[in-house]
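Quick notes on the structure that follows.
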Amino acid sequence: MNWPARLRRCIGTLRGRLLWLTLWPTALSAILFAGYMVHQNTREAEAALRQRGRDLSSQLAEVAVYDLFTGNIANLQRLADHAGIHPDRDAIGIADKEGQWWVISGQTDLLNDTRQIQTYAERHVGDRYYFRRPIGLIQNPQATGLEGVLGSGNEVGQVLVVLDDAPIRSAQKETLLTLLTFLLPLILLAATMAWTLSHRLARRLHRITNTVHSLARGQLEARCPVEKTEGELRQLELDINEMAVTLDHVHEHLQTGIRTATAELTEQKLAAEAAVRAKSKFLAAASHDLRQPLHALTLFISALKDKVAERQEPELQRLTALIDTSAAAMGDMLGGLLDLSRLDAGIVLAQPECFPLSRVLGNLQQHFALAAAEKGLQLHIKPCHLHVQSDPLLVERILMNLVSNAIRYTPQGRIVVAARRRGDTAELQVIDTGLGIAEDQQAQVFEEYFQIDNPERQRAKGLGLGLAIVAREAQLLGTTINLHSVPGRGSCFAFRLPRCTPAADSATDDLIAFQTFGDAAPLIAFLEDDTLILSAMTTLLHEWGMEVVAAISAEALLDALGELGRLPDCILSDYRLPGTMDGIASVTWLRRELDETLPAAIITGDTAPETIAAMTASGFTLLHKPLKPARLRAYLNHALSQTPSSR
């Protein structure tokens, strides 16, 4: 058993420390008192022994003077033997004045050394005391040592007495036994009292400590037991309990405040969610009603531009361009609101696939080359042969928004769109030499309705939704938009997409303009109940060299196709139709009756989340009003490229 370790652990405890603090003064006092008593008794015993030695040596010197003078050796021997009977008298010797021993009694070896009878009177050697007295005819009884010799020539001999210090040792032992008999019960009593006191103090302090620990762990109902004995510990126990009560009240007050704040926040959250739903409903209703005439207007303007282009009338062309610009600005605003509404509603989902970036970059070139040239900007879209795993539609929308912003905020210089290898990713960059963005505004540009240098809210500069939409679409793709910009020098927007390896038999089709399919013009089946839009769409498709079969219901359209005796190459349908079937149900029924593989698209101005979710779940292509002719043309080109040339 490791007693030192156990002792250290015991002393290290609170109870051990209290016991130690109580016992060590008592033990130290007892040791000091015992030492003092032993020292005093030893001095007294030594003083008594010395006095006996002096008295004995003086008496023998007085008695032996006559016998030594007369030479009575026998009487001197009897005198020495009689004086040495006591047990502490080890040796007695009588010598003449020349130092020759006449009589020795006791341990003769103690007197063999003639130096014992030299000039000293008393000497302590080891455990024995030596006492010397001269023997003279006349002696002063008041003197000691050699002072007892009166006059030269009166000394006739010397007496030497050797005493053992056994009485001193005996006195020490008796003193120690007496002290132990007296002090040991006192020490035991003090230890018992210290043990009891330390136990009580440790118990109360442990209870106080446990209460504090419980309060620290959040158990605010914990209380410390209070004993009846008055004192500082009782006051401490009362203070701890008072503190616990205060903490409990404060905690309850905080909990009440938190519950109240939580209820208020919940109410505000519900109100905000209701406001968002109301906003979505408002956008769904208002935008549909606005998109219908705007959609028709866009189609008419596109057809008008084709007509005006054939006539060499600059003023008419200028007016047509202004009308087109105004309609495009209105469409961009409504389109931004619609896109933001769809993203906030969580309807837009990424559909990743492995596709070549050249397809997206080629569309950018076709879409923005004219706009950049009209502003005097150089648009460089670097060739790229990388493939990425992502949603091509969302990637194209992000790049279109970034390039559109670059053209808008670059007064002169150039715009570069490039894709660069970055490990196993491809980094798409849109770099311009425009106005640049200050560092403290770079985070704000991705917020809704935030615009730099447009306090007057000019319509031509948009609503400030482009980069907010870009950030949300990038989040859908699992990436982020990184911005590096220097005011006055330009900006660089970049994001990364994972690279992929295309299948061996994959092929791409980057066609933009229409292709002809055999000798027959493509046949488009169109469902629309709005006569204005029906007329505009028919006019536009005819301008593009297509045939159109239109009706307001699926049954009527099927009858018209039967009379024509030809399957359509593509079906276009408005979402809202009269009767019991909407656009999704009508197109589904037509494909079942005609051909399940017919490409089809739903055109709508609705922004309600549930409506968009239903159209997305149908699997049909979704085209939003106002539909730009370029967007319609791109879809038809893609759909017709997948359609056999003859049916």
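The values are calculated or read from the model by the stated rules, or taken from the named source; none is laboratory data. What you are looking at is a predicted structure, and each value in this text was computed from that prediction instead of being measured. Cβ atoms come from the backbone with ideal geometry, glycine included; neighbour counts cover every protein chain shown. Just so you know, the surface numbers come from the protein's heavy atoms only, side chains and all, with ligands and any DNA or RNA stripped out. Shrake-Rupley method; radii C 1.70, N 1.55, O 1.52, S 1.80 Å.
The table that follows gives values for the structure above.
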quantity: H542 versus L236: modelled label distance in nm, points set 7 Å from Cα along the beta carbon direction; calculated: 10.3 nm
quantity: Solvent-accessible area of C500 with every protein chain in place, 1.4 Å probe, in Å² to the nearest 10; calculated: 30 Å²
quantity: Loop-resident sites, the range 201-273, for trypsin sites (Lys or Arg not before Pro), counting at most 12 other Cβ within 10 Å (DSSP); calculated: R217, K228
quantity: Under 19 Å from K382, Cα to Cα: aspartates and glutamates that are on another chain or at least 8 residues apart; calculated: E396, E427, D432, D509, D510
quantity: Percentage of interatomic Cα-Cα distances in the range 156-268 larger than 18 Å; calculated: 73 percent
quantity: For the range 347-407, size of Cβ-based charge dipole, Lys and Arg +1, Asp and Glu -1, in debye; calculated: 140 debye
quantity: Check: the range 523-647 dipole with +1 on Lys, Arg Cβ and -1 on Asp, Glu Cβ, in debye; calculated: 460 debye
quantity: Distance (nanometres) between label positions extended 7 Å along Cα→Cβ at A261 and H213; calculated: 3.2 nm
quantity: Cα centroid of the range 367-415 to Cα centroid of the range 65-82, whole Å; calculated: 146 Å
quantity: Packing rank of 610-618, 402-410, where each peptide gets the mean count of other beta carbons within 10 Å, highest leading; calculated: 402-410, 610-618
quantity: Protein accessible area in the range 577-618, 1.4 Å probe - carbon and sulfur %; calculated: 53 percent
quantity: Residues in the range 359-399 reached by a label modelled at R318 [backbone nitrogen below 20 Å; 7 Å Cα→Cβ]; calculated: 374-376
quantity: Full-extension gain in nm, L188 to T42, via 0.36 nm per residue minus C-alpha separation; calculated: 49.9 nm
quantity: Charged-residue dipole, Cβ positions (Lys, Arg, Asp, Glu), the range 152-231 about Cα centre, Debye nearest 20; calculated: 960 debye
quantity: Approximate spin-label separation E555-L622, in nm, with each point projected 7 Å along Cα-to-Cβ; calculated: 3.0 nm
